[in-house]
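J.: Dropping a structure here in structure tokens format, bear with me for questions.
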Amino acid sequence: MRKTERYEKVIAWFQENMPVAETELHYNNPYELLIAVILSAQCTDKRVNIITPPLYKDFPTPEILAESTPEVVFEYIRSVSYPNNKAKHLVGMAKMLVKDFNSEVPDNMEDLIKLPGVGRKTANVIQSVVFNKAAMAVDTHVFRVSHRIGLVSDSCKTPFSVEKELMKNIPESLVAKAHHWLILHGRYVCQARTPKCDTCGLQMMCKYFCNTYKVAKEAPKAKNK
Ligand code: SF4
């Protein structure tokens with residue numbers, strides 16, 4: 001299948017089968033989403049959603065969080081992965097928001113990645129979810145699912161190369177939504193260890209499935225010779 005055809009079919013399938021696709025992180029404003037996305041690195045959204053309500057309640061503004069210490073914040077987030085580093089990042093992020101950005105979450109990559117704990121992936125999530133920009137955040141699910149379906153070539157070995165390839169082929173107006181399509185599909189269907197291919201609606205447009213099916217079909221023939 002040609003790449004353009006694959007993209008068209010995959011996008012059409014998601015549009016029909018997953019018309020609503022949004023982040024599963026709970027938040028009420030850009031500052032809270034930034035906290036949640038920093039906490040979600042190497043951690044599940046479910047776990048983050050359990051710990052954020054008291055954090056949001058006790059540190060409702062960047063100013064208040066900036067006046068706290070990593071030791072205090074650690075107690076709120078001790079059940080996430082890498083709590084020591086993340087506590088330092090959250091306080092550092094709040095200090096920088098107050099000092100350099102008038103306590104507002106910036107809307108562009110250049111400024112976002114200056115914030116402690118914010119890399120390219122987090123910056124893309126913020127740009128797309130908060131500011132509605134065409135930005136593709138490539139996490140472990142997007143990386144894996146894009147490769148399996150065949151949306152990106154095997155030579156795309158880094159998240160950034162996957163991001164560029166997806167951005168080149170997905171219509172700008174659908175980029176933000178496509179990010180959620182791929183994440184949710186990876187989280188619930190195309191899982192890392194055991195993809196649920198038998199119930200997946202993308203079978204016939206999925207490179208991994210078609211290659212596996214071809215191998216399975218050819219194997220008995222070889223044995224019968
Ligand atoms: S067919 Fe299997 S490998 Fe392909 S997208 Fe679906 S679950 Fe993933």
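The values are calculated or read from the model by the stated rules, or taken from the named source; none is laboratory data. Since the model is a prediction, treat every value here as computed from it, not as a measurement. Heads up, the Cβs are rebuilt from the backbone with ideal geometry, glycines too, and the neighbour counts pull from every protein chain shown. Only protein heavy atoms, including side chains, enter the accessible area calculation; ligands, DNA and RNA are left aside. Shrake-Rupley method; radii C 1.70, N 1.55, O 1.52, S 1.80 Å.
J.: Yes or no: region 85-107 includes at least one residue that is open to solvent by 30 Å² or more (accessible area, probe 1.4 Å) and touching a His at 6+ places or on another chain (Cβ under 9 Å).
T.: No; the residues of region 85-107 include none that is open to solvent by 30 Å² or more (accessible area, probe 1.4 Å) and touching a His at 6+ places or on another chain (Cβ under 9 Å).
J.: OK, next. For residue 186, all conditions in the list (1) without any contact (Cβ under 8 Å) to a residue 12 or more places away in the chain; (2) within 11 Å of the ligand (Cβ to nearest atom) hold save one; what is the number of the exception?
T.: Condition (1) is where residue 186 drops out.
J.: Here's another thing I want to ask about it. Are there helices (runs of 4 or more DSSP H) fully within region 1-92 with at least 3 residues that are touching a helix residue (DSSP H, G or I) at 6+ places or on another chain (Cβ under 7 Å) and not aliphatic (A, V, I, L, M)? List them.
T.: 3-17, 30-40, 45-58, 70-77
J.: Criterion first (out of contact with any helix residue (DSSP H, G or I) (no Cβ under 8 Å at 6 or more places or on another chain) and either of a type outside the set (A, V, I, L, M) or at pLDDT 95 or above (or both)) does residue 167 satisfy it? Explain how you work it out, then say what you get.
T.: Details: out of contact with any helix residue (DSSP H, G or I) (no Cβ under 8 Å at 6 or more places or on another chain): no; either of a type outside the set (A, V, I, L, M) or at pLDDT 95 or above (or both): yes.
In short, no.
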